[in-house]
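Only the coordinates and a few stated rules stand behind these numbers; no lab work does. Since this is a predicted model, take the numbers as computed values, not measurements. Because the Cβ atoms are built from the backbone with ideal geometry, glycine has one as well, and the counts that use them run over all protein chains shown.
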Amino acid sequence: MEYIYIVLAVLACVFLFSFAVFIHEFGHFLAARALGLRVDRFSIGFGPALWRRTIGGVEYRFSAIPFGGYVALPELDPEGTDTLQGGTEKGGELKELPPWKRIVVAFAGPFGNIVLAVVLAFVLSVAPGAHFGETPPVVAFVVPDGEAAKAGLQVGDRVLSVDGVATRAWNDVGTAAALSGGRPVEFKVRRVGQEMALQVKATYSEVLGSYVLDAEPSPRACVGELLPDGAAAKAGVQVDDVIASVDGIPVETVAEVSAVLRRRGSGVAEIGVVRGASNLVLKAELAADPQQACPRLGFRARADQAAAWMPARGAIDQLKWDAGQIFRVLKGLVTPKETKSVARALGGPVMIAQVLYKQVRRNGWDAIGFLRFVDVNLAILNLLPIPVLDGGLILIALLELVFRRKMPKKIVNPVTMAFMWLFLLLMVTLVFRDVARARRISRASDRYDRIQKAHLRHAQAVKDFRPAFDLGN
């Protein structure tokens, strides 16, 4: 049965990604047909055709490599791009297109992705089963003896800013760590009401191939399970309640709840909870726990909390987050102290496929949200003024409008061919790097599983063996 789920998940990933590509190319196709351009081929994917059919003079095909696609427009595409698409078999003289037509057709592809992203964002905003909310920038775990621990970062710390840039969510903290290149950066944190500055270094992860912070975030204090006879259950806390304060101190995450409880100790605590549209204050009797460093409320957080790209239910907030992430990466690529780190952290089609597969297996709405994020990325990246991309075609057409003369083919074609091969080299490099990263992650995961199983076997052996020495009890 598991194999069936895997196959279905893979098929769903191929369909979702191919649909995003289809919308992009369909935008080009509709604009070209509306403006009377010649269309030779409409392909989803690259490489050999798995299925093809010619209708109305246009060859429609599904190709072997699903991560991409194209519309063959010989009147629009420079010679180099036409060669990449397999050439055209049709003869006939090609007519000159006015610049404005080339701009409309080139822009129509990214515009199609924007329209799809907007539609998906609004669908998600009304989806009852979708989970939203950014992971707060609060520390839940610090690797012992790691760089973060040496710098003084502690469980329960809320990261207010990194290197002077405010952090709204844990994703901002992780991004700043990845772009730091291992240099010490200033973390401004709030620790139980007190603010302080720490100089923290990120650690290079051989498995991920990028810099990471030696710490993990805390989930929101949304009650997913109440422990029997726990203080929270006795006080009247219910599943799906959100813990908002302890003794009047605002809290948002499980780690912040623990930090406040560790500081106050046992006794009667006032627990502020949000239940639907109501705000309640409940009194909980906290008893000292000899096995723990602080009293416990006795609840577990919800396990199905939101993915990073599901910041808020509002459609506009979702799209703003998507655009903000890609512009942050683009800014890093042109910032000298961040360029190397950004280039090292970049992923390609294999990484996109892996994340999409995991989300399909985890939660269908998260997969739709990730597709929305990918669509916004496709739109913005394709509009960059780089030859081969749609933005490059738009730039050339705009220059012709401004200078009122056609760009010489002896300049356009070589430049386009050069960028085409650079683009292919980049894609091949990203694919190989994604595969190598996936293998390292898989080996590390297998090693972790083996260690965990060994610890469990050891614990069971100790449990089974100990009674032999406890006969007197």
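Please identify which residues in region 11-31 have an amide N closer than 14 Å to a label point set 7 Å out from the Cα of ALA438, following the Cα→Cβ vector. From region 11-31, the list is 11, 13-14.
Average projected area of the Cα convex hull of region 214-338, in nm²? In nm², the orientation-averaged hull projection of region 214-338 is 10.4. Each peptide in 386-393, 54-61, 319-326 was scored by the mean count of other Cβ atoms within 10 Å over its residues; highest first, the order is 386-393, 319-326, 54-61. Considering only alpha-carbon pairs that sit under 8 angstrom and 6 or more positions apart, the relative contact order computed for the chain is 16 percent. Between VAL39, GLY209, ILE6, whose Cα lies farthest towards the positive end of the dipole of the chain when Lys and Arg beta carbons carry +1 and Asp and Glu beta carbons carry -1, centred on the Cα centre? Projecting each Cα onto the dipole axis, the largest value belongs to VAL39.
The residues neighbouring SER43, those whose beta-carbon lies less than 11 Å from its own, together hold a net charge of 0 under the Lys/Arg +1, Asp/Glu -1 convention. Across region 127-236, counting alpha-carbon atoms alone, Rg and Dmax equal 16.1, 49 Å.
Taking label positions 7 Å along the Cα-Cβ direction at both LEU30 and ARG328, the computed distance is 3.2 nm, reported to one decimal.
Considering helices alone, the calculated mean residue ellipticity of the chain at 222 nm is -16500 deg cm²/dmol, with DSSP H runs of length four and up weighted by -39500 (n - 2.57) and normalised per residue. At q = 0.09, 0.11 Å⁻¹, what base-10 log of I(q)/I(0) does the Debye formula yield for the chain when every alpha carbon is treated as an equal point scatterer in vacuo? For the requested q values the scattering log ratios are -0.76, -1.04. Legend: helices of the chain (whole DSSP H runs) are marked when their alpha-carbon atoms reach 24 angstrom or more along the helix axis and their mean Kyte-Doolittle hydropathy is at least 0.5; marked are 2-34, 99-125, 364-382. Could you list, in their original order, any pairs among LYS340/LYS406; LYS331/LYS409; LYS150/LYS188; LYS150/LYS337; LYS188/LYS283 whose Cα atoms are separated by more than 26 Å? Over 26 Å Cα-Cα: LYS340/LYS406; LYS331/LYS409; LYS188/LYS283.
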